[in-house]
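The values are calculated or read from the model by the stated rules, or taken from the named source; none is laboratory data. Not measured: the values here are computed from a predicted model. Note: ideal-geometry Cβ built from the backbone for every residue, glycine included; neighbour counts use all protein chains shown.
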Amino acid sequence: MGERGSRRDRILSRLVQAAFLIGLLALWYLATARWGVSHLLLPNPVRVYDELKDVLASGEFVPDLRVTLSELAIAFLISSVGGVTLGYLISRSQYLIRVFEPLLAGVYSIPIILFLPLYVLFFGLGPASKIALGTTISFFPIVLNTIAGFGYVERIYLVAARAMGASDFQLFRWVLLPAALPVILTGLRMGFTVALLSILGSETIASLAGLGHKIVHLAEAMETARMFAYIAFAVAIAALLNFTVTLLEARGRR
Amino acid sequence: MMPASDAVGARDVAARTASRRRGGFARTVRRHPGIARLGAVAALFLLWEIAARYWVDPMFLSPPSRVIGSIQSVFATRGVPAALQVTFWELAVAFAMSVAIGLLVGLAVGLSRFSRHTFMPIILLLYGTPQVTILPLFILYFGIGPASKIAFGVSHGIFPIIVTIVAGVQNIKPILLVSARSMGANRWQIFRWVIFPHMIPSFFAGMRLGMTGVLLGVLLAELYVSTAGIGYFTTLFTQNFDPTKLLGLISVLAAMAIVLNEIVRRAEVHFGRWRAE
Amino acid sequence: MTAGEVAVRIRDVSHHFGEEGETHYVRALLDTSLDIARGELLCLIGPSGCGKSTLLNVIGGLLQPSSGTVHVGNMPVRGPLPRDIAFVFQENALFPWSTVMENVVLGMVFQGVPRAEREARARKSLEAVGLSDFAHHYPSQLSGGMRQRAALARALSLETGILLMDEPFGALDEQTRMILGEDLSVLLARSEKTIVFVTHSLGEAVFLADRVAVFSARPGHIKEIISVDEPHPRKPEFVTTEKFTNLRNRLYTLLHDEIRKAVVESGDGARVAAAERS
């Protein structure tokens, strides 16, 4: 009973998947064009496509995209630098790991999104609150993975290197860092993904600019077709960013 | 007046005694990282207290002493207890629905190799999309009441459950299935006695992740727009620049989240017993 | 052998995995024929990848051969025969979420033993393998040797005429194997079961078997069958006798070249092993 699907099964799978997606699109089209679903609730897919072309061609998306991306970049920069540094410092001592790791893991188990109103109250509706939330949320997977990466390097490697006369710096550069790198990269990837999600989320909830805000704005203006276009755009951007980051992680792990 | 050498000697003894005393305390702290942790948390609270009292405008930040003292007033605010109940109810319903739907879909997809290969890519694709972008759509379709919060919560909760159940069904050791078949088990017996018990730890792990998802979904929707849930009050306290009440409310919500997470975690530990091999 | 004495009749069984021309095509068995007598313990021994486990699975109905037939009694084998054939596998096939007792009972549930008989039979077989005190332990709490005893108890409780054992002691250390082998011999002396036992160990084959079928390297076929004429239960001292040594030496001579051949083509051997497992 092997997992090797026969070629026929694989082709059949693909066909069903394609049929599923096409069927969904067909339903969508029929619902709006023939069955009288209000275009305010579910816009005609053709219109959505037109709106999307318009958005892309006119460059209307640029300011909002810029806001979102810069918020993401700043948040991730702060959390990655801070997280890796703090993680490294904690990992230097087993005792510190025992003290802080459960603490950090515990805080991470609270839905950090709850902090958003606090940040909005403190920083206002501008980019600062989004950056603050993005930094806070992405900080934890980065620091926890850094601790795991540096803190749990096989003792035997360290012992062997020391026995061969490695200095502190050499130990770090040639043993600790390469051993810890895959785990740290995973943490960075997780942090990035989660920062992106939280920034889009906080833009949706309380913001004056950014992709998330734009979608809300269009929803409130009942411009549902254009909203769908922006949603597709945002999902595509997110997918692209995540794909790139995952690729970088895989490359770095090699 | 002591001779100089005695004074030096006395100083040495005093220093050594002091260090031994210090050593004793340090040794206790070293042996119990929990104490250090408590100390770290206390230090953080102290920093917060000082910052809120002396450095930051009271419009933006409130010290923990005041927050804790005013918890009562948060509950006394008209509508807050009801809103907390509504939110809790939204979480419970969303979780229950996520588990039910997730279990059914997970089993339907996982039990057949064909449906696994066909539908898992689609499910994983959906799992990976930033659902927060379609939050306004959920509100559009389900309204601003609890229904949209529940729907959004379910939408976040089902995916980890489906994925873990499919994994739990899929990674069963083939030898166990062969063995059961050799003893004459029919398909129902194999499911009931082999696949299902094997999948239970994964199911509970999935529920733990599902709870996290449900919390995220429901709270996101609440913060976005709410008339009956706590989202209404977070917005209210924010707009009124009332950090005391806001911090109080958020602490209560955080506590609720911790309790719910802990319940599922304990359930997972309890029912995942046989995994310890 | 007369018809009544033959428990399993194997005729011209060949088996290949995959299709000719595919990368994972491998011929596991070639034109194997064999009569297994009722009540005998037959060992299958041979180099890795020679198809002994494949043949076992074919006998037990877990695998349909590419060509050839197997008859158990007068019945052609077309699928598992839980009332006639029980298995003990090398891999730990006990359900980790159930206790030893529950595992043994579950086998009977699958076979269709009436509820009233199950517990009594389970207790009997657990006592036979010496695990009465561990009936309510979980497999993870037991040593490897004890787990295989439990697997054996489960197989015994099914009260089948035929027992197929695929390197059941393969994952255990030498000393445990020795003890389990002696206990198995004692146990089986008391019963009328027909047993087919796959092993890699020459000593184990000579100690346990009435006959030993020696396989060639892949594609496997039976090179020679050696008889071990020694009454059951085999005494532990049998291992130190000259007869034992001579038989073991004969096996060694027969096998050595085949093992070398199999190692040289070890890539394919691994493929057969992997194909057998899937």
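Looking at A:72, A:24, just one residue is surrounded by fewer than 19 Cβ atoms within 10 Å (Cβ to Cβ) and at pLDDT 90 or above, and that residue is A:24. Against the list (1) modelled with pLDDT of 90 or more; (2) in the same structural domain as residue A:145 (by TED's automatic domain parsing); (3) among the polar types (S, T, N, Q), the condition residue A:94 fails is (1). Got a sec? Which of C:159, C:182 is among the acidic types (Asp, Glu), under 17 Å from the mean Cα position of the chain (by Cα), within 23 Å of residue C:42 (Cβ to Cβ) and part of a helix (DSSP H, G or I)? Going through C:159, C:182 in turn, just one is among the acidic types (Asp, Glu), under 17 Å from the mean Cα position of the chain (by Cα), within 23 Å of residue C:42 (Cβ to Cβ) and part of a helix (DSSP H, G or I): C:182. Restricting segment C:135-156 to residues that are of a type in the set (Gly, Ala, Ser) and part of a loop (DSSP other than H, G, I, E, B), the residue that is surrounded by the fewest Cβ atoms within 10 Å (Cβ to Cβ) is C:143. Going by what's in this entry, would residue C:89 be described as within 14 Å of another protein chain (Cβ to nearest Cβ), under 18 Å from residue B:185 (Cα atoms), buried (at least 19 other Cβ atoms within 10 Å of the Cβ) and touching a Phe, Trp or Tyr at 6+ places or on another chain (Cβ under 8 Å)? Taking the combined requirement at face value, the residue does not satisfy it.
Of the residues A:240, A:196, A:181, which single one is at pLDDT 90 or above and at the interface with chain B (Cβ under 9 Å from one of its Cβ atoms)? Only one candidate passes the filter, namely A:196. Against the criterion of being surrounded by fewer than 20 Cβ atoms within 10 Å (Cβ to Cβ) and either of a type outside the set (Asp, Glu) or assigned by TED's automatic domain parsing to the domain that holds residue B:213 (or both), residue B:247 does not qualify. Return the residues of segment B:126-140 that are at the interface with chain A (Cβ under 7 Å from one of its Cβ atoms) and of a type in the set (Ser, Thr, Tyr); say none if nothing qualifies. Residues satisfying the conditions are B:129, B:133. Assessment of segment A:181-201 against the conditions (part of a helix (DSSP H, G or I), more than 26 Å from the chain's Cα centre (by Cα) and either surrounded by fewer than 16 Cβ atoms within 10 Å (Cβ to Cβ) or not assigned by TED's automatic domain parsing to the domain that holds residue A:101 (or both)) yields no matching residue. Taking every residue in segment A:171-187 that is closer than 18 Å to residue A:141 by Cα and in contact (Cβ under 8 Å) with a residue 40 or more places away in the chain and pairing it with any residue that is of a type in the set (D, E, K, R) and surrounded by 16 or more Cβ atoms within 10 Å (Cβ to Cβ), at least 6 positions away or on another chain, the pairs with Cβ-Cβ distances below 8 Å are A:185/A:249; A:186/A:249.
The rows are residues; the columns are (1) facing another protein chain (nearest Cβ under 7 Å); (2) among the aliphatic types (A, V, I, L, M); (3) surrounded by 17 or more Cβ atoms within 10 Å (Cβ to Cβ).
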position	(1), (2), (3)
B:163	no, yes, yes
B:166	no, yes, yes
B:169	no, yes, yes
B:174	yes, no, no
B:179	yes, no, yes
B:183	yes, yes, yes
B:186	no, no, no
B:194	yes, yes, yes
B:202	no, no, yes
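Here's the yes/no breakdown for (1) more than 23 Å from residue A:117 (Cβ to Cβ); (2) of a type in the set (Gly, Ala, Ser); (3) touching a strand residue (DSSP E or B) at 6+ places or on another chain (Cβ under 7 Å):
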position	(1), (2), (3)
A:186	yes, no, no
A:200	no, no, no
A:204	no, no, no
A:210	no, yes, no
A:244	yes, no, no
A:252	yes, yes, no
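Against the list (1) of a type outside the set (Lys, Arg); (2) over 30 Å from residue C:158 (Cα atoms); (3) in a loop (DSSP other than H, G, I, E, B); (4) within 14 Å of chain C (Cβ to nearest Cβ), the condition residue B:241 fails is (4).
crowded, with 19+ Cβ neighbours inside 10 Å, touching a Ser or Thr at 6+ places or on another chain (Cβ under 6 Å) and facing another protein chain (nearest Cβ under 9 Å), is that true of residue B:220? Taking the combined requirement at face value, the residue does not satisfy it.
Only residues that are part of a helix (DSSP H, G or I) and touching a strand residue (DSSP E or B) at 6+ places or on another chain (Cβ under 7 Å) were counted across segment C:35-71, and they come to 7. For segment B:49-70, the set of residues classified as within 12 Å of another protein chain (Cβ to nearest Cβ), farther than 27 Å from residue B:225 by Cα and either of a type in the set (Val, Ile, Thr) or touching a helix residue (DSSP H, G or I) at 6+ places or on another chain (Cβ under 9 Å) (or both) consists of B:52, B:56, listed by residue number.
Just one of the numbered conditions (1) charged (D, E, K, R); (2) within 14 Å of chain B (Cβ to nearest Cβ); (3) out of contact with any Ser or Thr (no Cβ under 6 Å at 6 or more places or on another chain); (4) assigned to a helix (DSSP H, G or I) is not true of residue C:121: (3). Here residue A:165 passes the criteria (1) at pLDDT below 95; (2) within 30 Å of residue B:28 (Cα to Cα) except the one numbered (2). Of all residue pairs spaced 6 or more apart or on separate chains, none has beta-carbon atoms under 8 Å together with a first member in segment B:138-160 that is at positive phi and a second member that is at pLDDT below 95. Considering C:119, C:91, the condition of being farther than 23 Å from residue C:191 by Cβ and among the charged types (D, E, K, R) is satisfied by C:91 alone. Would you check if there is a residue in segment C:72-90 being assigned to a strand (DSSP E or B), of a type in the set (Phe, Trp, Tyr) and closer than 21 Å to residue B:179 by Cα? Yes; the residues of segment C:72-90 include at least one that is assigned to a strand (DSSP E or B), of a type in the set (Phe, Trp, Tyr) and closer than 21 Å to residue B:179 by Cα. Determine whether segment A:42-65 contains at least one residue that is in a loop (DSSP other than H, G, I, E, B) and surrounded by fewer than 12 Cβ atoms within 10 Å (Cβ to Cβ). Looking through segment A:42-65, at least one residue is in a loop (DSSP other than H, G, I, E, B) and surrounded by fewer than 12 Cβ atoms within 10 Å (Cβ to Cβ).
Here is a yes/no grid of residues against (1) modelled with pLDDT under 90; (2) within 14 Å of chain C (Cβ to nearest Cβ):
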| position | (1), (2) |
| --- | --- |
| A:5 | yes, yes |
| A:39 | yes, no |
| A:51 | no, no |
| A:61 | no, no |
| A:76 | no, no |
| A:88 | no, no |
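Selection of segment B:71-117 for residues being more than 14 Å from chain A (Cβ to nearest Cβ), touching a Gly at 6+ places or on another chain (Cβ under 6 Å) and polar (S, T, N, Q) yields only B:98.
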